[in-house]
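First up is the structure itself, then whatever we jot down about it.
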Amino acid sequence: MKNTTYLLALAICSLLNINDSHGQTSMVYSIGIAPQQSPGGHYIFVNRNTPREEFTFDLAQVKASYFLGAGVRHDLNPFFFMAEAQYNKREYVYDIQYTYPEFVRTEDVQQYAETMHVINVPLTLGVDLGAVEVTSGLLPQFVVSHNSQLENIEGYSEDLNIMRFGWHSGVAAKVANFRFGLNYQMDFNNYADHMSIHGESLALSGNSNRIVGLISCKF
């Protein structure tokens, strides 16, 4: 990961130095929304060695989240580099179903919410194709605040790294100084991989990801 970050930074510096006199730097502001998701279907059994405390754990819902960002963009036509800081609030809802000693799932579902306040710092390389722009880049993320109702479960613990990484790519249509686009973001971590019960990881299969509808403008 360190090598990847170093190479990306080196490429960015190189682009900014090439023909800089013909480049143009602009401020960029953006707003966006990621629709609600219901991933489901990846439940795991927890506490299997203690049947009376056994339960299934699943991600029931990823609530809709909003993005608000500002940054700078440097154009070296047809390419450009962009760096932003985007605030994003993420909310996850987990299902827990306790089982009987016979390992039959019950109908009694308990839900626990987890909230993260995150600052995304997308580092973007893009190409201007005329009517549309195509982008891709590294997605460092900083968790500035975190709260989980799972703390109420006996044996719960967490090891949340406040700095996480991911990747993003997207496409946007141009209308004057505005951009209307879709951006796919994928984290390098799995859902719930920072949580455990009695030392047993609650990590679920599948990387945390989202599709974000974005509107941005540059000045």
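The values are calculated or read from the model by the stated rules, or taken from the named source; none is laboratory data. Small disclaimer: the values here were computed from a predicted structure and weren't measured. FYI the Cβ positions are ideal-geometry reconstructions off the backbone, even for glycines, and counts take in every protein chain you see. We work out accessible area using only protein heavy atoms, side chains counted, and drop any ligands, DNA or RNA first. Shrake-Rupley method; radii C 1.70, N 1.55, O 1.52, S 1.80 Å.
Please work out if Gly40 is modelled with pLDDT of 95 or more and closer than 28 Å to Leu214 by Cβ. Considered against the rule, which asks whether it is modelled with pLDDT of 95 or more and closer than 28 Å to Leu214 by Cβ, Gly40 comes out as no. Cβ-Cβ distances below 6 Å connect the following pairs, each with a first residue in the stretch 130-143 that is in contact (Cβ under 8 Å) with a residue 24 or more places away in the chain and in a strand (DSSP E or B), a second residue that is open to solvent by 40 Å² or more (accessible area, probe 1.4 Å) and among the hydroxyl-bearing types (Ser, Thr, Tyr), and a separation of six or more residues or different chains: Ser136/Ser169. Under the condition of being open to solvent by 70 Å² or more (accessible area, probe 1.4 Å) and either closer than 24 Å to Val212 by Cα or in contact with a Leu (Cβ under 9 Å, 6 or more places away or on another chain) (or both), the residues counted in the stretch 159-176 number 7.
Can you say whether Val127 is under 28 Å from the mean Cα position of the chain (by Cα), surrounded by 13 or more Cβ atoms within 10 Å (Cβ to Cβ) and at pLDDT below 95, as far as the supplied structure shows? Answer is no for this residue.
Yes/no matrix, rows are residues, columns are (1) open to solvent by 20 Å² or more (accessible area, probe 1.4 Å); (2) modelled with pLDDT of 95 or more; (3) under 17 Å from the mean Cα position of the chain (by Cα):
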| position | (1), (2), (3) |
| --- | --- |
| Glu53 | yes, no, no |
| Lys63 | yes, yes, yes |
| Arg73 | no, yes, no |
| Asn77 | yes, no, no |
| Phe81 | yes, yes, no |
| Ala85 | yes, yes, yes |
| Tyr98 | yes, no, no |
| Val109 | yes, no, no |
| Glu114 | no, yes, yes |
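Looking across Tyr156, Tyr184, Tyr191, one residue alone is of a type outside the set (A, V, I, L, M, F, W, C), touching a helix residue (DSSP H, G or I) at 6+ places or on another chain (Cβ under 7 Å) and either open to solvent by less than 60 Å² (accessible area, probe 1.4 Å) or modelled with pLDDT of 95 or more (or both). It is Tyr156. Evaluation of Leu150 against the conditions (1) closer than 22 Å to Val72 by Cβ; (2) more than 14 Å from the chain's Cα centre (by Cα); (3) open to solvent by less than 20 Å² (accessible area, probe 1.4 Å) shows that the sole unmet condition is (1).
When the stretch 18-35 is filtered for residues that are assigned to a loop (DSSP other than H, G, I, E, B) and either surrounded by 11 or more Cβ atoms within 10 Å (Cβ to Cβ) or free of Cβ contacts under 8 Å to residues at least 24 places away in the same chain (or both), the ones remaining, listed by number, are Ile18, Gly23, Pro35. Report the residue count in the stretch 109-150 for those that are under 18 Å from Val93 (Cβ atoms) and in contact with a Phe, Trp or Tyr (Cβ under 9 Å, 6 or more places away or on another chain). Matching residues across the stretch 109-150 total 12. Against the conditions (1) part of a strand (DSSP E or B); (2) under 30 Å from Tyr98 (Cα atoms), Leu204 satisfies every one except (1). Per the conditions (1) within 18 Å of the chain's Cα centre (by Cα); (2) open to solvent by 50 Å² or more (accessible area, probe 1.4 Å); (3) under 25 Å from His42 (Cβ atoms), the sole criterion not satisfied by Ser145 is (3).
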